[in-house]
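Below: the structure, in structure tokens.
The values are calculated or read from the model by the stated rules, or taken from the named source; none is laboratory data. Since this is a predicted model, take the numbers as computed values, not measurements. Quick reminder, even Gly has a Cβ in these numbers, built from the backbone with ideal geometry, and neighbours come from all protein chains shown.
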Amino acid sequence: MNPDSVRPAVTELRLSAFKSHRGVTLPLSPLTLLSGGSGSGKSSALQAYEILARLGSGESLSRAVGEVAGSPAACVPAGAHPDEQGRRGFRIGCTVDGPAGPVSLDLAVQAEPELRIVGERLTGGGETLLTTALTDPTRPAVQAAWHTAGATPVTRAPLPDDRLGTSLLPLRVAGKTAGQRLVLAAAEQVVVALRSAFVCDPRPEVMRGAGTGGTGSTGGTGVVGEGDGRGADGGGPGAGRAGHAAGARGGGAGAGRGKAVSAPGGARGTGGAGVAGGAAGAWGARARRTSGGEAGGWGRAAGEPRDEGRLRSSCDNLPAVLQRTSRECARRHAVLVAAVREACAGPVEGLRAVPWQPGGTGDGTAGAPAAVGRGGSTGPQGVPGAGGAVGVRAVLDRGELGELPVEQLGDGELRFLALALVLLTGPDVLAMDPVGEVPSAHQQMTVMADGMDRCMDRRQARELVSLAVRMTERGHVRLLGTVRDPSVADGLPGVQVLHLEA
């Protein structure tokens, strides 16, 4: 990446000691695919990246590790022996390129007997900008030292041992000296890059379940921006992760609720870009404008947030998002339809979201769920609720063959449709923590797709990679994915395939 670029991006992932990886460095281009046999560590590489991304978004260490890996012990390399105090852990890191030049972040995490960050190092511009160390195991804090280069060359202060110190620096550094401004620029570059990640795992069984009477994803609502815009990040049946203006997400089974509220722009250190104070003020305003006319998903279940305009990780609310995106950008919607035409069997003349009354007649679904909603509510496109919720359903226009609800597509076709939609949109359309205080033209979103070609045949997978090539060439989207068959990228320009060994 050009060091003069104004779009921070993670260009290297380091797995110094994480799960099956030891001393592994993965260079990341705008489009990187990981391949290898079972047990080669493809998924664990993405998990390490996601842990860093969650920490950069302000999440606690326990939530970041628990949401991604299940338990801290699962991250410890196999065969790692505890020391005299019974401590074991893992080490991960990354390099972020951008306007401040290459900046490296490395973490040492103690997984047992207590989960804590015991060491952090941030370097850039030929300087060690931040170091932390655990000096008193009885206290939930680490001793931090950051570069000042003023009358006092280094500033020392305690920081919590369950948060990424780099993400806290904009709240602690005044930016009065050249050294402090260097620290701010480097820290904010890393945080912007890490926060700009969207983990996407379309789950056909959840997508179909939400449309045919299953539980779907009824995750909790998270207040984003100034309070009205909501973004739920559903992780599967009955599971929900709440949206959070500062990046923290609720987790686990059942519904979670995020209450973080931030003013647009957030806290800002002198001389820095100011990323610490909150990310989603702009989206909060936008959500207030759109939420009144959109009902959720394949048929909104009781307790689901009213605003369904942001695509969740499992893509179970895809129809409502299609309804929004088709209205907002006809050109990109046409590109999506063209891509789906290449990937799906049979004719495809169009793709749209249509009003759907659960339990009504003529919708082609036996045993559709009973309507849940408020009397007199107004559904999409101004359709009266008539005492029950009016949802939306996505359908393919098959020309003379009529319309086909997309939940009747095959698993590979459903996953293709969802991933293509992600590649063609941006942070404002995805249930992620948008960096609202940084102009979108200065950002790069990284899509993380484990099992990118799962359920797809070779033709579909190659069409998806081809679409990714076209989108990443524009500079606003990056992709890090895993594939079973690396040959789907043969001959395509700009695709870096990294083969991992078991």
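Observations
- When region 131-154 is filtered for residues that are surrounded by 18 or more Cβ atoms within 10 Å (Cβ to Cβ), of a type in the set (Val, Ile, Thr) and part of a strand (DSSP E or B), the ones remaining, listed by number, are 131, 132, 142.
- Of the criteria (1) over 26 Å from residue 24 (Cα atoms); (2) not assigned by TED's automatic domain parsing to the domain that holds residue 311, which one residue 424 fails: (2)
- A residue that is assigned to a loop (DSSP other than H, G, I, E, B) and either surrounded by fewer than 18 Cβ atoms within 10 Å (Cβ to Cβ) or at positive phi (or both) occurs somewhere in region 54-62.
- Some residue of region 167-186 being modelled with pLDDT of 90 or more, assigned by TED's automatic domain parsing to the domain that holds residue 53 and part of a strand (DSSP E or B): no
- Subset of region 75-111 that is at pLDDT below 95 and of a type in the set (D, E, K, R) - its residue that is surrounded by the most Cβ atoms within 10 Å (Cβ to Cβ): 87
- Tabulated pairs, region 320-341, first free of Cβ contacts under 8 Å to residues at least 24 places away in the same chain, second buried (at least 16 other Cβ atoms within 10 Å of the Cβ) and β-branched (Val, Ile, Thr), C-beta under 6 angstrom, 6+ apart or interchain: 341/348
- Only one of the numbered conditions (1) of a type outside the set (Asp, Glu); (2) buried (at least 19 other Cβ atoms within 10 Å of the Cβ); (3) at pLDDT 90 or above is violated by residue 347, and that is (2).
- Candidate set from region 473-491 (those that are buried (at least 22 other Cβ atoms within 10 Å of the Cβ) and under 18 Å from the mean Cα position of the chain (by Cα)); member that is nearest to residue 334 (Cα to Cα): 477
- If you go through region 155-175 and keep only what is surrounded by 15 or more Cβ atoms within 10 Å (Cβ to Cβ) and either of a type in the set (D, E, K, R) or out of contact with any helix residue (DSSP H, G or I) (no Cβ under 7 Å at 6 or more places or on another chain) (or both), you end up with 155, 160, 161, 162, 163, 165, 168, 172.
Quick grid of which residues meet (1) in contact (Cβ under 8 Å) with a residue 60 or more places away in the chain; (2) part of a helix (DSSP H, G or I); (3) under 25 Å from residue 114 (Cα atoms); (4) in contact with an Asp or Glu (Cβ under 8 Å, 6 or more places away or on another chain):
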site	(1), (2), (3), (4)
32	yes, no, no, no
46	yes, yes, yes, yes
51	no, yes, yes, no
74	no, yes, yes, no
77	yes, no, yes, no
83	no, no, yes, no
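- Counted residues, region 111-140 - those being under 31 Å from the mean Cα position of the chain (by Cα), over 27 Å from residue 95 (Cβ atoms) and without any contact (Cβ under 8 Å) to a residue 40 or more places away in the chain: 3
- The one condition in (1) touching a Cys at 6+ places or on another chain (Cβ under 7 Å); (2) farther than 29 Å from residue 352 by Cβ; (3) of a type outside the set (Ser, Thr, Tyr) that residue 415 fails to fulfil: (2)
- For region 1-25, a residue qualifies if it is farther than 14 Å from residue 96 by Cβ and not hydroxyl-bearing (Ser, Thr, Tyr), and the qualifying residues are 4, 15, 17, 18, 19, 21, 22, 23, 24.
- Summed over region 468-502, the residues that are under 16 Å from residue 416 (Cα atoms) and basic (Lys, Arg) give a count of 2.
- Within region 85-108, being part of a loop (DSSP other than H, G, I, E, B) and small (Gly, Ala, Ser) holds for 86, 98, 100, 101.
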